[in-house]
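A.B. asks: One structure follows; several queries about it will come next.
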Amino acid sequence: MATLTADQILAADDLGLKVIPVPEWGGEVYVRVMSVGARDAYERMWIGKKESGVDNFRTEYLARVLCDEKGELLFSRAKIDGLSKKSGAVMGRLFDVALQHNNMSSKDVEEMAKN
């Protein structure tokens with residue numbers, strides 16, 4: 001296997017997309033892999049919040065990964081409140097797929113809230 005250069009690493013397209021059918025919404029959405037910077041920012045939001053509770057945990061996560069076929073995010077900060085009002089069953093299913101696609105587990109989520 002070849003040793004990569006910094007330019008090759010930066011040029012690699014590693015933010016893969018996964019299409020998810022959402023029959024309840026009449027179509028499909030894409031989930032993308034978060035960049036390490038986006039994941040770090042998301043995790044910083046929740047550090048130490050286990051005792052005080054976490055509002056919109058799934059919604060905030062999904063807003064950072066739901067995208068179109070080009071990888072462009074679907075939800076701006078202004079639309080997150082509307083997203084939080086969608087079906088818990090649908091959002092839970094999307095959240096589970098998004099976690100798996102981003103190589104995260106429920107244990108990772110619990111650890112964020114503890115720290």
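A.B. asks: Would you check which residues across region 54-109 are open to solvent by 70 Å² or more (accessible area, probe 1.4 Å) and either among the aromatic types (Phe, Trp, Tyr) or part of a helix (DSSP H, G or I) (or both) and list them?
C.D. replies: Selection gives 58, 77, 78, 79, 81, 89, 93, 96, 100, 106, 107.
A.B. asks: Still on this model: Is it the case that region 41-53 has a residue that's at pLDDT 90 or above, β-branched (Val, Ile, Thr) and on the phi < 0 side of the Ramachandran plot?
C.D. replies: First, pick out the residues of region 41-53 that are at pLDDT 90 or above: none.
Taking every residue of region 41-53 in turn, none turns out to be at pLDDT 90 or above, β-branched (Val, Ile, Thr) and on the phi < 0 side of the Ramachandran plot.
A.B. asks: Is it fair to say residue 98 is under 11 Å from the mean Cα position of the chain (by Cα) and at pLDDT 95 or above? Before you say what the answer is, go through the steps one by one.
C.D. replies: Numbers: under 11 Å from the mean Cα position of the chain (by Cα): yes; at pLDDT 95 or above: yes.
So residue 98 fits the description; yes.
A.B. asks: Answer yes if at least one residue in region 15-31 is open to solvent by 100 Å² or more (accessible area, probe 1.4 Å), farther than 20 Å from residue 91 by Cα and not acidic (Asp, Glu), and no otherwise.
C.D. replies: The answer is no; no qualifying residue exists.
A.B. asks: May I ask you to list pairs of residues, at least six apart or on different chains, whose Cβ atoms are under 6 Å apart, with the first in region 62-90 being on the phi < 0 side of the Ramachandran plot and at pLDDT 95 or above and the second being open to solvent by 60 Å² or more (accessible area, probe 1.4 Å) and acidic (Asp, Glu)?
C.D. replies: Pairs found: 90/24.
A.B. asks: A follow-up question, please. Within region 1-10, track down each residue that is aliphatic (A, V, I, L, M) and loosely packed, with under 10 Cβ neighbours inside 10 Å. So that I can check it myself, show each step before the final result.
C.D. replies: Initially, region 1-10 is screened for residues aliphatic (A, V, I, L, M), giving 1-2, 4, 6, 9-10.
If the condition is that a residue be aliphatic (A, V, I, L, M) and loosely packed, with under 10 Cβ neighbours inside 10 Å, then 1, 2, 6, 9, 10 are the ones that fit.
A.B. asks: Under 6 Å by Cβ, and 6 or more places apart or on different chains, what pairs join a residue from region 10-28 that is at pLDDT below 95 with one that is open to solvent by 70 Å² or more (accessible area, probe 1.4 Å)?
C.D. replies: Sorted first by the residue in region 10-28, then by its partner, the list stays empty.
The values are calculated or read from the model by the stated rules, or taken from the named source; none is laboratory data. Note that the coordinates shown come from a computational prediction; the quantities given were computed from them, not determined experimentally. FYI the Cβ positions are ideal-geometry reconstructions off the backbone, even for glycines, and counts take in every protein chain you see. For the accessible areas, the whole protein counts, side chains as well, though only heavy atoms, and no ligand, DNA or RNA atoms are used. Shrake-Rupley method; radii C 1.70, N 1.55, O 1.52, S 1.80 Å.
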